[in-house]
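Here the structure is laid out as structure tokens; the discussion comes afterwards.
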Amino acid sequence: MLKPHLKSFLGKLGLLVLLDEFRMKYQGLRNYRRNRKFSVEQPQFILPDKKILYETFKLDYQAYYRSGRETARWLINQYQEVAERPLENILDWGCGPARVVRHLPFLAEKCDIFGSDFNKETISWCKENIPEVKFVVNEIEPPIALSDNYFSFIYAISVFTHLSVERNLGWFRELHRLLAPSGVLLFTTQGKAFYHDLTEVEKNHYDQGHLVVRQNNQEGRRIYSTYHPPDFVLSAISDLYSLVMHQVDNGEKGRPEQDIWILRKK
């Protein structure tokens, strides 16, 4: 893992994009046999293009399949534990190549299920290959062409983590518009477990409750990265949502995990 100062320096030089391209090729070579084995054993399971997959996950076909299925089950359970209304319409906001949402039609059969993303190429692939889900393109900033008060459940896995302050705030408002009364929003952020990844200047910014933004690439892309102190999130949501749960990972397990936030529409 690159040290924070080196990562920041490479980002300013525009070299992180090249490093990320190298990492994609390295993952492809490292996982070649593993991926080939999965393709042979699961020929009916349609996989996205390598570039599309890497942008939002990693070049590991088996992990894409298993983690997507497990996360879909986990999401349904999370909703059922806190729900005040039946599970009806679901939105995967920032769905990428459908890693999670492609499994939901088989777990929530009576639900109307949507996926959205700002990457038009990704959504085009999803529409062609995942007919059980309704896919729409959203721009990097709201609004999105979906109805008011429609979704009982919206989730966003590592999406706010690639957006600026202004668009974090804008999308909190927009997702509030889309949620039905008492609807649930679940999302993840890079919190305390990623504190070690910050420079001293960034740590000071984080400690003061400000969103830390690394503009290493186009907003919304993989290496445009943001870090969310709890105070920033709580301030942003206070007028729109009630906090149901905030699960913090302190990085004690070795591999840092993102914070989990569950909110209810006021």
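Results, tabulated for the structure shown:
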item: Unique residue being touching a Leu at 6+ places or on another chain (Cβ under 7 Å) and either crowded, with 22+ Cβ neighbours inside 10 Å or over 12 Å from T226 (Cα atoms) (or both) when the list is F160, F187, F172; result: F172
item: Residue within segment 192-206 that is under 21 Å from Y224 (Cα atoms), acidic (D, E) and out of contact with any helix residue (DSSP H, G or I) (no Cβ under 9 Å at 6 or more places or on another chain) present; result: no
item: Residue that is free of Cβ contacts under 8 Å to residues at least 12 places away in the same chain and not in a loop (DSSP other than H, G, I, E, B), where the choices are L29, L53, L104, L75; result: L29
item: Verdict on V244 being among the β-branched types (V, I, T), part of a helix (DSSP H, G or I) and surrounded by fewer than 20 Cβ atoms within 10 Å (Cβ to Cβ); result: no
item: Condition met for I140 (crowded, with 19+ Cβ neighbours inside 10 Å and under 25 Å from I52 (Cβ atoms)); result: no
item: Residue match in segment 198-214 (condition: hydroxyl-bearing (S, T, Y), more than 19 Å from P142 (Cβ to Cβ), buried (at least 16 other Cβ atoms within 10 Å of the Cβ) and at pLDDT below 95); result: yes
item: Among residues of segment 63-87, those that are farther than 25 Å from R221 by Cβ and not β-branched (V, I, T), counted; result: 15
item: Pick from segment 215-235, criterion polar (S, T, N, Q) and crowded, with 16+ Cβ neighbours inside 10 Å, ranking: nearest to L185 (Cα to Cα); result: T226
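The values are calculated or read from the model by the stated rules, or taken from the named source; none is laboratory data. In this text, all values refer to a predicted model and were calculated from it rather than measured experimentally. In this analysis, Cβ positions are derived from the backbone assuming ideal geometry, glycine residues included, and neighbour counts consider all displayed protein chains.
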